[in-house]
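Okay, so here's the structure we're looking at.
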Amino acid sequence: MKNIFKITYLTILLLAATHQVKGAEKIELLKIDWSFKGLFGKFDRGSLQRGYQVYTEVCASCHSMKYLSYRNLSEKGGPEFSVEQVKAIAASFEVTDGPNDDGEMFERPAKLSDKFVMPYANVKEAQAANGGAYPPDMSVLAKARTGGVDYIYSVLLGYEDPPSGVTLDDGVYYNKYMYGNNIKMSQPLYHGSVEYNNGTEATKEQMAKDVATFLMWTAEPHLEARHKMGFKAILYLTILTILVYFSMKKIWSRIESEV
Amino acid sequence: MSDHEYVPKSKFGKWFNDRLPLLSLASHLTDYPTPKNLNYWWTFGGILTFCLIIQIVTGLTLAMHYIAHADLAFESVEHIMRDVNYGWLIRYVHANGASMFFLAVYIHIFRSLFYGSYKSPREIIWIIGIIIYLLMMASAFMGYVLPWGQMSFWGATVITNIFSAIPFVGEGIVTWLWGGYSVGDPTLTRFFTLHYLIPFLILGLVVLHIWALHIPGNNNPIGIDVKKPSKDTVPFHPYIVIKDAFALLMFMIVFAFFVFYSPNILGHADNYIEANPMVTPAHIVPEWYLLPFYAILRSVPDKLMGVVAMLSAIFVLAALPWLDTSKIRSAVFRPLYKQFYWILVIDVLILGYVGAMPAEGIYLLIARVSTAYYFIHFLIILPVLGSKEKTIPLPLSIMEPVLKDSSNLSTIKNESLN
């Protein structure tokens with residue numbers, strides 16, 4: 001037992017050390033202007049809706065979204081589909097409910113209140129279907145990676161042929177932004193992978209941007225409310241600070257005249 | 001306590017006050033004579049009280065929605081972030097509030113170091129403060145474990161493993177702390193209980209800290225004793241109250257920027273990945289406010305001695321009133337101490353930096369030198385400086401330099417801010 005602890009401890013320190021060395025040669029992530037950055041940052045509604053389309057048509061076959069419910073898609077600050085649209089979206093998925101009065105589990109179309117249906121029954125099944133790698137849940141992915149949305153955007157566009165001398169195992173792909181450069185997910189986005197219905201051209205960059213925006217929203221669904229409240233709070237505090245400053249000057253002037 | 005006896009005006013007030021002197025206490029607090037030359041570094045006491053209250057209020061609210069269970073904790077935090085009304089606000093205030101609390105406490109501690117506030121007759125205030133600081137670190141560490149992310153889990157594993165360095169009983173103690181053979185559900189539930197308890201202990205100690213402060217009264221930038229009440233003092237209300245309020249509002253603006261515009265910048269991305277005992281994160285680092293001690297821990301090659309060094313780094317502070325032999329409190333009148341003070345500040349910042357870096361190569365060397373210097377400062381430089389240093393003559397009262405030459409005061413003010 002003692003040794004296990006010691007080894008754990010040493011491994012941790014060793015890993016910490018090697019990570020940092022690798023970190024030093026990390027390459028710059030691709031950077032684009034996100035509409036949701038900055039003091040007044042808001043999501044681009046169209047981008048969120050297209051991002052949802054990319055997620056459902058491309059990502060959702062492997063990546064779960066377990067903390068989201070269908071109702072979230074119509075809520076303020078999100079893609080803001082109409083309630084009817086979201087009801088239709090939900091109804092296209094089957095969920096297991098029950099037990100009913102006969103004690104039987106049954107299948108029914110999903111409702112607004114249901115969580116997003118998972119692509120796999122459990123982690124083991126997900127791993128078995130993906131060559132041992134577990135496709136991470138995407139609910140908070142944009143906050144769970146250093147670099148956030150920039151990292152996700154970069155990885156989606158970072159697939160290229162491995163440099164000469166690098167040999168990859170079967171089912172492993174080369175990605176220049178992925179940590180360690182090896183990724184078990186094959187390139188998910190190609191020109192025209194999805195067909196946008198509003199005429200937006202489905203370039204790789206467009207889809208990557210849209211789905212990254214969507215993932216930022218799933219990770220931070222109250223981002224718009226936060227930015228809005230933040231502005232009000234800071235404005236309020238600033239005005240109050242100025243008022244209190246003058247009160248302070250006035251009060252202290254009573255004794256500073258003696259000084 | 002102030003000299004005059006408070007007598008309530010109303011008959012009921014007198015009846016009540018004779019039985020429970022709450023009105024006398026309120027009167028003492030508002031009239032409390034405070035040196036009039038306190039600068040803005042003295043406003044952090046009030047700011048820290050605010051931080052504690054914010055942490056307790058937001059913490060209670062979070063506890064109503066949080067579930068302390070290894071399988072449910074991460075999900076319950078996401079529930080708070082998504083579905084609880086303003087849950088995201090409460091959680092971000094609480095998480096960033098911890099960092100703001102430490103930012104304020106470090107300024108408060110280094111203000112004490114600069115102006116010699118720990119010296120006689122304020123040793124007990126100082127020691128209570130050190131105990132509060134220790135409890136804050138314990139509480140913050142356990143709080144970081146509660147979201148049950150990867151950094152929570154592995155941070156808990158690394159830090160609790162420190163106890164295994166204790167000879168003979170170390171392994172037993174670690175198993176006892178965990179409530180099992182690894183960090184798991186029993187660890188989480190007990191950390192939650194203690195995380196809930198400690199802030200109230202801190203609150204009690206804060207009362208003692210302030211009580212002990214009100215016996216000798218505040219130190220001040222000049223560091224001389226003031227007669228109270230006198231020309232050198234002002235009543236706490238309204239003079240200090242309004243000044244504290246102004247400083248607090250400025251502090252809240254900074255706080256608000258973190259909460260609303262970069263709520264996750266002080267955290268680690270890995271903590272949004274649910275705890276997984278099978279996967280070790282590439283880089284385990286404690287929260288920023290613990291980094292200097294983490295650097296000291298790792299700078300010693302032997303594990304047990306590393307732990308001893310880390311604990312000594314905190315306990316040496318408790319002995320500070322006796323290690324610093326100089327009778328002069330304020331660094332304003334101690335030209336040599338002032339220089340060593342700033343070297344210490346830089347030394348601690350360097351320790352914080354190397355604490356975030358891998359313990360190898362040049363970083364390890366820097367960590368070792370900085371650790372050595374930290375102890376040299378307290379154990380050698382301070383005791384020697386007390387007898388060797390040629391200090392600047394002290395003014396007789398706070399008002400004296402002002403009355404003689406008004407330009408003097410501004411010099412002192414400027415120096416004390418530098």
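Taken together, the values in this text are just the output of simple stated rules run on the coordinates, not laboratory data. Just so it is clear, the model here is predicted, and its values are computed rather than measured. Glycine also receives a Cβ, built like all others from the backbone with ideal geometry; neighbour counts cover every protein chain displayed.
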**Asked** Considering only helices (runs of 4 or more DSSP H) fully contained in the range A:141-259, which possess at least 3 residues that are polar (S, T, N, Q), facing chain B (nearest Cβ under 8 Å) and over 13 Å from the mean Cα position of the chain (by Cα)?
**Response** A:223-256
**Message:** Against the definition (surrounded by 16 or more Cβ atoms within 10 Å (Cβ to Cβ) and more than 14 Å from chain A (Cβ to nearest Cβ)), how does B:Ala68 come out, yes or no?
**Reply:** yes
**Asked** Within the bounds of the range A:107-118, is there any residue that is closer than 30 Å to B:Ser262 by Cα, within 14 Å of another protein chain (Cβ to nearest Cβ) and in a loop (DSSP other than H, G, I, E, B)?
**Response** yes
**Fill in**
Counted residues in the range B:71-105 being more than 10 Å from chain A (Cβ to nearest Cβ) and aromatic (Phe, Trp, Tyr) come to 2
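Residues checked against (1) assigned to a loop (DSSP other than H, G, I, E, B); (2) more than 16 Å from the chain's Cα centre (by Cα):
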residue: A:Gly41; (1), (2): yes, yes
residue: A:Arg50; (1), (2): no, no
residue: A:His63; (1), (2): yes, no
residue: A:Gln85; (1), (2): no, yes
residue: A:Ala88; (1), (2): no, yes
residue: A:Pro99; (1), (2): yes, yes
residue: A:Asp102; (1), (2): yes, yes
**Asked** In the range B:120-175, which residues are out of contact with any Ser or Thr (no Cβ under 8 Å at 6 or more places or on another chain) and of a type in the set (D, E, K, R)?
**Response** B:Arg122, B:Glu123
**Asked** What's the number of the condition B:Asn218 fails, among (1) part of a helix (DSSP H, G or I); (2) under 20 Å from the mean Cα position of the chain (by Cα)?
**Response** (1)
**Request:** Name, by its number, the condition in (1) more than 12 Å from chain A (Cβ to nearest Cβ); (2) surrounded by fewer than 23 Cβ atoms within 10 Å (Cβ to Cβ) that does not hold for B:Val158.
**Result:** (1)
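To keep it simple, each residue is scored yes or no on (1) assigned to a loop (DSSP other than H, G, I, E, B); (2) in contact (Cβ under 8 Å) with a residue 60 or more places away in the chain.
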residue: B:Ile127; (1), (2): no, yes
residue: B:Leu134; (1), (2): no, yes
residue: B:Pro147; (1), (2): yes, yes
residue: B:Met151; (1), (2): no, yes
residue: B:Ile159; (1), (2): no, yes
residue: B:Phe168; (1), (2): yes, no
**Asked** Of all the residues that make up the range B:302-316, how many are buried (at least 19 other Cβ atoms within 10 Å of the Cβ) and more than 13 Å from chain A (Cβ to nearest Cβ)?
**Response** 3
**Qualifying positions in the range B:350-361 - surrounded by fewer than 20 Cβ atoms within 10 Å (Cβ to Cβ), more than 14 Å from chain A (Cβ to nearest Cβ) and touching a residue at least 40 places away in the same chain (Cβ under 8 Å)** = B:Gly352
**Asked** Is one or more of the residues making up the range B:292-301 within 7 Å of chain A (Cβ to nearest Cβ) and without any contact (Cβ under 8 Å) to a residue 24 or more places away in the chain?
**Response** no
**Complete:** Listed by first then second residue, the pairs whose first member lies in the range B:254-270 and is at the interface with chain A (Cβ under 8 Å from one of its Cβ atoms) and surrounded by 20 or more Cβ atoms within 10 Å (Cβ to Cβ), whose partner is in a loop (DSSP other than H, G, I, E, B) and basic (Lys, Arg), with beta carbons under 6 Å and at least 6 positions apart or on separate chains, are B:Ala269/A:Arg145
**Asked** Picking from B:Ile242, B:Ile253, B:Ile314, which residue would you name as being β-branched (Val, Ile, Thr), closer than 23 Å to B:Ile130 by Cβ and assigned to a helix (DSSP H, G or I)?
**Response** B:Ile314
